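S.K.: Have a look at this one.
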Amino acid sequence: MEKQNRRSFLKTSALIGAVATGISTKTANAKPKNILSEDRMGVLVDTTVCIGCRNCEWACKVAHNIPTEDRIKYEDRSVFKHMRRPQPNAYTVVNEYPNPKNAVLPTDVKVQCMHCDHPACVSACIVGAISKEENGSVIWDTKKCIGCRYCMVACPFQIPSFDYDKPLNPEIRKCDFCFERTKQGLLPACVKNCPVEALTYGPRNDLIKEARERIKRDPDRYLNHIYGETEAGGTSWLYLANQDFSKLAFPSPGDKPMPGTSESIQHGIFAYFVPPAFLYALLGGIMWITKKRNESK
Amino acid sequence: MNKKILTIIILFFSITIYSQNKLPKNHSLTNLTCKTCHTCDVPTKKNPCLVPCPRSEMVTINQSPDQAPEVEVLKELSSRYMPVVFSHKLHAQMSQMSGGCGTCHHYNTVGPIQPCINCHETSRKRADISKPDLEAAYHRQCINCHREWSHSNDCTSCHALKNKNESISIASYVKKMTGKSHPALVEPKKIVYETNYNKGKIVTFFHNEHINLFGAKCIDCHRDENCTKCHDKNKTTNVQQIYSDVPIKIHKSKEEHHKPCFSCHQDDKCSLCHKDKSMAPFNHAISTGWALNRFHENLTCEKCHGSSTKFVKLNNDCNNCHKDFVAGKFDHKVTGLKLSENHKDLDCNECHKEKNFTKTPTCENCHDDKSFPKDKPGTEVNISSKKKK
Ligand code: SF4
Ligand code: SF4
Ligand code: SF4
């Protein structure tokens, strides 16, 4: 019901925007793909196995044509002195935390987009640039993105980042679950390059079973909590750890899907007021046009 | 040349595996259900229908490192790097300090010791995700010990980078590794730890006593350990520290560090081990008020106090163990004093008040004018030749 409302709202606003700016509704149509497949894939990140080698960071950059230093430079552990977040030029980063069980083997945690089952970013995007695909990946369409940064605000995990280096055409950047690679039957680059397979790629349902099995087999090693099983309504990327996730800088977004929140905000503000919706669409339309212009340049 | 050596190694390895190919006796009595290892109801010698990886700790064959393959060349996964020349025997020797073969060959069936590749697939993209792939399996076994030891993930300490301009000879590596042995382990006598416990910072651990006296087995405490217990790449002092009085700091958490002690000492007070300064060795007389005589001093604690994991407190009554030590039956001459006819049949507590054998015996029950040891209720005999166990 809610979705329908939202869609019709978006359609309306797109239509108004289109009328206001003289573009056909077809191109500005905002209907995001949002598939929740039973067979969606995921990754189980076992932080008790991760050694913090940052091979995944390197591999991710190479796979996405992001310039990077030589792999050998990634052996430098001094980067762990400061906590890092994913960046426009680093879709994934590894942070290090003390390990209460063994001081000389710290806990390393890889951070990237969680590929939520009910992605807040998809719901928040006013032009439908972000979509959740059949295989679980939450990807974005550079051509549609207008750089409004709504997804950034909506994401419970603070994942999307913006390329501020291009002020006129800022662009969302985040882990795309290696959509291009998996389409060709390849593993995500980080999974492929992890020397200890701290990252296990597989159907999300199997991963949850496997995670349970690991906890059962070695209850001393693991905290009995699969992060991402229910967080924010469930995510494709799942984590195991030996200590409380809050100590590893994981947020506690609750078990309810986030989109509900952002959608209701949109509805609350705009549903029955045409003027704000109109302004909103107008602004969106202008941004969209600017972008088109920049692109064609 | 390269190939020849490889062939020899492979041959050696297959022979070793073949010679291991015998089941231990009574393996059916292991504390496991048959289904843990066999898929069919009636496994036979011809068709044992074994589960490839039972996922249950059960290595029963603990070979001596000398039976193990000397060097292994791991080349299944070499792409970016050269094959790894792994000093298997050397590592097997080191593993004796922890879980033996089972340290790496975990979940091994009661059959022959399996190489990693028997259970771990070479492809990362696979249907069965319950076990890591081969690359991960290798790395997981190696990397944490190496990390603790060297504090980095230095890939190149095992992997030589492939270099087009330079041909690295694997054979020469194999040669270099062959015949290397870990020096014999010197068992520490005493280890002093500095802890964070305010009411007693110093814990003295008498290693020799736990082994020789209290009857602990290596594996009772050394379960999940590696070389870093004694070695650190950055500090050559570790080994010496362990054998000296200088307190060493521990890097494990309180729980982890207490774990080996708690399998026996779980009900003891903290102050049993935590003191302000280092402790003196165990002395039966001081700790219990009862000095061990020559018959008892060579016994292990278990002989009198039951299992080494749960010692039972005894009192001074000989009858606790020696049920036949009663008046008239006890051969007093083993103590060095043969009782005279008059004294022979007296009850023990006539002279040993309240059967307290640690105190000087008394004569006052019958004699006003006599006292031990000036007067003796019999004749002294030479006992040195009759040393009894
Ligand atoms: S983690 Fe954030 S960016 Fe990734 S799918 Fe979820 S809401 Fe979107
Ligand atoms: S899945 Fe792909 S895009 Fe995402 S972190 Fe891994 S390598 Fe980077
Ligand atoms: S490659 Fe694997 S082990 Fe290395 S930092 Fe990334 S997740 Fe951890």
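S.K.: To the nearest 10 square angstrom, what accessible area does B:Ser157 show with a 1.4 Å probe?
M.R.: 60 Å²
S.K.: A further question follows. Can you pull the Kirkwood radius for segment A:112-265, inverse mean 1/r over Cα pairs, to one decimal in Å?
M.R.: After inverting the pairwise mean of 1/r, the radius is 16.6 Å.
S.K.: Computed FRET efficiency, Cβ-Cβ of B:Asp375 and B:Lys217, R0 60 Å: what is it to the nearest 0.05?
M.R.: 0.75
S.K.: Something else now. Could you list the trypsin sites (Lys or Arg not before Pro) in segment B:250-307 that lie in coil according to DSSP, counting only those with at most 14 other Cβ atoms within 10 Å of their Cβ?
M.R.: Passing sites in segment B:250-307 are B:Lys269, B:Lys277, B:Arg294.
S.K.: Also, quick follow-up: Here are some pairs, B:Lys189/B:Lys303; B:Lys201/B:Lys252; A:Lys216/B:Lys233; which of them have Cα atoms lying more than 26 Å apart in this structure?
M.R.: Pairs exceeding 26 Å: A:Lys216/B:Lys233.
S.K.: Under a point spin-label approximation (7 Å from Cα along Cα-to-Cβ), what is the B:His159-B:Lys277 distance to one decimal in nm?
M.R.: For the pair B:His159/B:Lys277, the computed spacing is 5.4 nm.
S.K.: Sticking with this one: Could you list the chymotrypsin sites (Phe, Trp or Tyr not before Pro) in segment A:160-238 that lie in coil according to DSSP, counting only those with at most 13 other Cβ atoms within 10 Å of their Cβ?
M.R.: A:Tyr164
S.K.: From other protein chains only, count the Cβ atoms within 10 Å of every residue's Cβ in B:139-148, then give the mean.
M.R.: Mean number of neighbouring Cβ atoms from other chains: 4.
S.K.: Which order do the peptides A:140-151, B:204-215, A:124-135 come out in when sorted by mean C-beta neighbours inside 10 angstrom, highest first?
M.R.: Ranking the peptides A:140-151, B:204-215, A:124-135 by packing returns A:124-135, A:140-151, B:204-215.
S.K.: Between B:Trp290 and B:Asn118, what is 0.36 nm times their sequence separation minus the Cα-Cα distance? Round to one decimal in nm.
M.R.: In short, 56.1 nm is gained.
S.K.: Label-point separation (nm) for B:Thr44 and B:Asp268, each offset 7 Å from Cα along Cα-to-Cβ?
M.R.: So the two model labels end up 5.6 nm from each other.
S.K.: Here's a follow-up. Given segment A:64-136 reduced to its alpha-carbon atoms as identical point scatterers, what log10 I(q)/I(0) does the Debye formula return at q = 0.16, 0.26 Å⁻¹?
M.R.: Log10 of I(q)/I(0), two decimals: -0.81, -1.25.
S.K.: Another question, if that's okay. Would you please name the GluC sites (Glu not before Pro) within segment B:100-188 that are DSSP coil residues with at most 10 other C-beta atoms within 10 Å of their C-beta?
M.R.: Hits after loop and neighbour filter: B:Glu166.
S.K.: For segment B:110-218, list log₁₀ I(q)/I(0) at each q in 0.12, 0.14 Å⁻¹, using the Debye formula over Cα point scatterers of equal strength and ignoring solvent, two decimals each.
M.R.: -0.86, -1.02
S.K.: How many Cβ atoms of partner chains, on average, are near each residue of B:254-261 if near means within 10 Å of its Cβ?
M.R.: Mean partner-chain Cβ count within 10 Å for B:254-261: 2.
S.K.: For segment B:315-389, what's the radius of gyration and Dmax over Cα atoms, in angstrom?
M.R.: Rg, Dmax (Cα atoms, Å): 12.6, 38.
S.K.: Describe numerically, in nm with one decimal, the distance between label points set 7 Å from Cα along Cα→Cβ at B:Lys175 and at A:Val104.
M.R.: So the two model labels end up 3.4 nm from each other.
S.K.: Between B:Phe330 and B:Lys355, what is 0.36 nm times their sequence separation minus the Cα-Cα distance? Round to one decimal in nm.
M.R.: 7.6 nm
S.K.: If you don't mind, another one. For a distance above 15 Å, tell me the whole-number percent of Cα pairs in segment A:110-166 that qualify.
M.R.: Value for segment A:110-166: 44 percent of Cα pairs lie more than 15 Å apart.
S.K.: Extension gain B:Lys125-B:His151, at 0.36 nm per residue separation less the Cα-Cα distance, in nm?
M.R.: 6.3 nm
S.K.: Longer than 31 Å from Cα to Cα, which of B:Lys269/B:Lys353; A:Lys101/B:Lys190; B:Lys217/B:Lys275; B:Lys190/B:Lys313 are they? Say none if no pair is.
M.R.: In this structure, B:Lys269/B:Lys353 lie more than 31 Å apart at Cα.
S.K.: Interface size between chain A and chain B, please: total buried accessible area, 1.4 Å probe, rounded to the nearest 100 Å².
M.R.: So the buried area, both faces added, is about 2600 Å².
The values are calculated or read from the model by the stated rules, or taken from the named source; none is laboratory data. In this text the structure is predicted, and so the values were computed from the model without any measurement. When we count neighbours, we look across all protein chains shown, and the Cβ atoms used for this are built from the backbone with ideal geometry, even at glycine. Heavy atoms of the whole protein, side chains included, go into the accessibility calculation; ligands, DNA and RNA do not. Shrake-Rupley method; radii C 1.70, N 1.55, O 1.52, S 1.80 Å.
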